[in-house]
1. If you take the residues in segment 96-106 that are under 19 Å from the mean Cα position of the chain (by Cα) and of a type outside the set (Asp, Glu), which one is surrounded by the fewest Cβ atoms within 10 Å (Cβ to Cβ)?
2. Just checking, does segment 63-77 include any residue being surrounded by 14 or more Cβ atoms within 10 Å (Cβ to Cβ), over 16 Å from residue 149 (Cβ atoms) and out of contact with any strand residue (DSSP E or B) (no Cβ under 9 Å at 6 or more places or on another chain)?
3. I'd like the residue in segment 172-182 that is in a helix (DSSP H, G or I) and touching a helix residue (DSSP H, G or I) at 6+ places or on another chain (Cβ under 9 Å) and, out of all such residues, is surrounded by the fewest Cβ atoms within 10 Å (Cβ to Cβ).
4. In this structure, is residue 122 on the phi > 0 side of the Ramachandran plot, within 17 Å of the chain's Cα centre (by Cα) and in contact (Cβ under 8 Å) with a residue 40 or more places away in the chain?
5. Could you go through segment 193-205 and let me know if any residue there is out of contact with any Ser or Thr (no Cβ under 9 Å at 6 or more places or on another chain) and in a loop (DSSP other than H, G, I, E, B).
6. Restricting the search to segment 143-171, which residues are crowded, with 18+ Cβ neighbours inside 10 Å and of a type in the set (Lys, Arg)?
7. Of the residues 185, 228, only one is of a type in the set (A, V, I, L, M, F, W, C), surrounded by 15 or more Cβ atoms within 10 Å (Cβ to Cβ) and within 20 Å of the chain's Cα centre (by Cα); which?
8. Can you name every residue in segment 206-250 that is of a type in the set (A, V, I, L, M) and not in a helix (DSSP H, G or I)?
Amino acid sequence: MVVPEKKGIAEASETIMDTEKTSTLTLLLMEGATSYHRWVYEEIKPYLKGNVLEVGCGIGNLTGWFLSRGKVMVSDVNRDYLQTVQDKFRGHSNLIGTALWDMEQEPAEESFLPIDTIVCSNVLEHIEDDHSVLKRSYRMLRPGGRLILLVPALKFLYNHLDRGLGHFRRYSREELARKLVSNGFEICYLTYFNPFGILGWFLNGTVLRRSILPAGQVRIFNRLVPLFKRIKKVFPVRMGQSLIAVGEKR
């Protein structure tokens, strides 16, 4: 009875290590996709207010954009990622600090300043009990504060890429709205984002069963972002690779 249990623990540990390695490689791969990150920032910028807590900051691919507009606290579960962010933005006047924090756990009361905006970009899908995280986010915000989410969309698109990154789910628009409302938030913005990434995600993760996007494709996509933004102004977005949601605490 003991041997299978030990084997199970070993296999689980290997899976976690593989997921962490894939996540780190993906973050490094996306580090150079500055046009894409700017596009994300431009979409959510109108909803940022006051002191911002960026949860799951990774290696800081979005952090610099947030720092350009105001005070920011960053957190992550990976100590090495936080060190990378500290090295990147050391001495920046708008960086309040960094915190090693798992969003599934209650934060120490002294960990964070009063928070006006929580940003979770590609974080919620990694958490099995997302209801508890949404509820905790609501409690942490000041009245009138906002939770900004960017999550993977379209359930049919869940594939090898998602599994490799440790995603528990992709969200439908209705599911995300329902979970925000059931945890106290009033939705002030909810839209699909990046319809142009659907084909690449499906081809690489479903057809070719890759666990990481090819670097060449990411570079080409990043160069095409200005064109994608112009197209988006002309044609309404009916679906997208991701969803952006903003919930407000009343």
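1. Going through the qualifying residues, I end up with 105.
2. yes
3. 182
4. yes
5. Scanning segment 193-205 turns up no residue that is out of contact with any Ser or Thr (no Cβ under 9 Å at 6 or more places or on another chain) and in a loop (DSSP other than H, G, I, E, B).
6. Matches in segment 143-171: 146, 170.
7. Exactly one of 185, 228 is of a type in the set (A, V, I, L, M, F, W, C), surrounded by 15 or more Cβ atoms within 10 Å (Cβ to Cβ) and within 20 Å of the chain's Cα centre (by Cα), namely 185.
8. 208, 212, 213, 237, 239, 243, 244, 245, 246
Computed from the coordinates by the stated procedures, all read-outs in this text should not be read as laboratory data. Being a predicted model, the structure only gives us computed values, none of them experimental. Please note: Cβ atoms are built from the backbone with ideal geometry, for glycine as well, and neighbour counts cover all protein chains shown.
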